[in-house]
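First the structure, in the form of structure tokens, and then the observations on it.
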Amino acid sequence: MKLAKLLIIFLFLFNSCKENNKTVKEDEVENDMSSISTKDFREFKVLDSKYISNTSIWEQLNSQLEDFSEENYEQLKPLILDQDIPTLQQHIIDGKLTYESLTKFYLYRIRKFDRENDLALNSVIAVNPNVIMEAKNRDESFKNMDVNVRDLLMSVYGMPILLKDNINTSDMVTTAGAVALKNNKTEDASIVKRLKEKGALIIGKANLSEWAYFFCGDCPSGYSAIGGQTLNPYGRRVIDTGGSSSGSGVAVAANFCVAAVGSETAGSILSPASQNSVVGLKPTIGLVSRSGIVPISSTLDTAGPMSKNVIDNAILLDALVGFDNADSKSIEAGSSIINYDELKNFSVEGKRLGAIKSLMKDSLYLRAVKDLKAIGFEVVEIEMENVELPDFIRLLNLDMQKDLPEYFKTYADASLGFKTIYDIIEFNKKDSLNSMPYGQKLFEGVVADEASVNELEAIKEKLKANGKLFFDKPMEASNVDVVLSINNYHAAHAAVAEYPALTVPMGYEENGAPKGLTFIGKPLTENKLLQIGFSFENKTKYRQSPKELN
């Protein structure tokens, strides 16, 4: 039992980018735990932001919400809370909702719950001051639209979406949670342009673990100097939020938006999605553009959808996918990624899933395996390869050395004057108590590392080969389509292999902490992962909303 607990802790830390440079095998976890320096997630030095408040967040929108009352909010709750996109769009078609009322409902709810009260979650950093006007415009366009009902039901048109605050948008500053970027006014990232072209409404920016959790090293997940400490709605100050897309996961769980966009390097979507009982998908690297997103690693980074259910995840992913010339790893995937007919009419016949033998002692995982068998899947036990990930942190260090300066040069506000990570380190020292209360150990590690171009390429090749070996050998030996994991336990291996992963709620531990069943497949198998996840979700319906917020 002790080893299992240590394994869970280690894997969470490892896949959230909180490890040292030492290569660790799963069977060496217990011996290496002493070398990992981390804070218990409840050891909060800072809870509320020192840079934003409800007053500052809402000063431009309060007057626009004056005609939306508590009575309006209560009337709309049954129509909106925990409803999927097709249901919300049907309510629009039927005249029960408008895009304006839907948007005002979420804004009202964020203002009511998110900050400066006994249920505060600190999940939203900013709200779009233009979003109500934009929602009215969607309503006007809808009136004159020749509506194809099927297309609209599966569309992000008029749907209020939150963006993780490392994703550029012209509507609000992009801070990555850092004081240094508090005035970072930018143009839209490529994926934001795509969302707007599809008619989505960018309702606001979500809090995150600062600099996507590759900054402090000794800090709790969900903390940023700008946004404060994000808290888990299933247990404030009791259950970890996961990171780094903490605010995105929390806000989706709390019904502050229809869905959100997170980003992942190694676990940063899978971890907070699992921890907050929502669906999160880390796509194949290159399927979703990364240009205009504050980076860690151009090798491993990707944006991805986070939602309350699988169908919304598919719809949001569909809106995000697209080729981007500015992204060196962008994939021309065509239009075959999401097939909604296959999603709902999926045949499980002949589909083989691999259950990891070492995880079968987990009661929720074991139950999920039985559920999948009951649906009709063939589930076979597999043993994963004992594969190391040498120089994993060095890859992140070396990529960030070049990728963050490139972001400053190409996508950031030029008036900030930052060119290198060293510039950020020196900036933070001017007011360390407020800008880096947990220190900046990982940033210091980035600037201290060095390698030749050939060394870096060798590290990348070795990691990718090892990540693929980790999955491919047992998958091929047992002829399985997908590997079943838990939360973000194998996110680092999926990251370096550049394999997609989908996590779906599979229940709650005795203390109420959510847990996710994670499906990992080969590149460009997102449709298959979503089909399997949709089948599992429909059969089990394990997800429950946070009770205190209903």
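Laid out as a table, the results:
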| read-out | value |
| --- | --- |
| Criterion violated by residue 481 - all others in (1) closer than 30 Å to residue 52 by Cα; (2) among the charged types (D, E, K, R); (3) buried (at least 18 other Cβ atoms within 10 Å of the Cβ) satisfied | (1) |
| Total residues in the range 371-404, condition surrounded by fewer than 18 Cβ atoms within 10 Å (Cβ to Cβ) and part of a helix (DSSP H, G or I) | 4 |
| Criterion: assigned to a loop (DSSP other than H, G, I, E, B), over 24 Å from residue 444 (Cβ atoms) and of a type in the set (S, T, N, Q) - qualifying residue of 184, 232 | 232 |
| Leading residue by the ranking (nearest to residue 180 (Cα to Cα)) among those in the range 50-74 that are in a loop (DSSP other than H, G, I, E, B), charged (D, E, K, R) and without any contact (Cβ under 8 Å) to a residue 24 or more places away in the chain | 59 |
| Selection status of residue 424, crowded, with 19+ Cβ neighbours inside 10 Å and either under 29 Å from residue 49 (Cα atoms) or over 28 Å from the mean Cα position of the chain (by Cα) (or both) | yes |
| Among residues of the range 420-442, those that are of a type outside the set (D, E, K, R) and free of Cβ contacts under 8 Å to residues at least 12 places away in the same chain, counted | 2 |
| Selection count, the range 334-360, where residues are in contact (Cβ under 8 Å) with a residue 40 or more places away in the chain, in contact with a strand residue (DSSP E or B) (Cβ under 9 Å, 6 or more places away or on another chain) and farther than 23 Å from residue 259 by Cα | 8 |
| Odd one out for residue 282, checked against (1) surrounded by 24 or more Cβ atoms within 10 Å (Cβ to Cβ); (2) out of contact with any Leu (no Cβ under 8 Å at 6 or more places or on another chain) | (2) |
| Conditions (1) assigned to a helix (DSSP H, G or I); (2) surrounded by 16 or more Cβ atoms within 10 Å (Cβ to Cβ); number of the one not met by residue 77 | (2) |
| Residue check for residue 353: crowded, with 21+ Cβ neighbours inside 10 Å, of a type outside the set (Phe, Trp, Tyr) and more than 30 Å from residue 512 (Cα to Cα) | no |
| Residue check, residue 97 crowded, with 18+ Cβ neighbours inside 10 Å, without any contact (Cβ under 8 Å) to a residue 60 or more places away in the chain, out of contact with any strand residue (DSSP E or B) (no Cβ under 8 Å at 6 or more places or on another chain) and at negative phi | yes |
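Taken together, the values in this text are just the output of simple stated rules run on the coordinates, not laboratory data. Being a predicted model, the structure only gives us computed values, none of them experimental. Cβ atoms come from the backbone with ideal geometry, glycine included; neighbour counts cover every protein chain shown.
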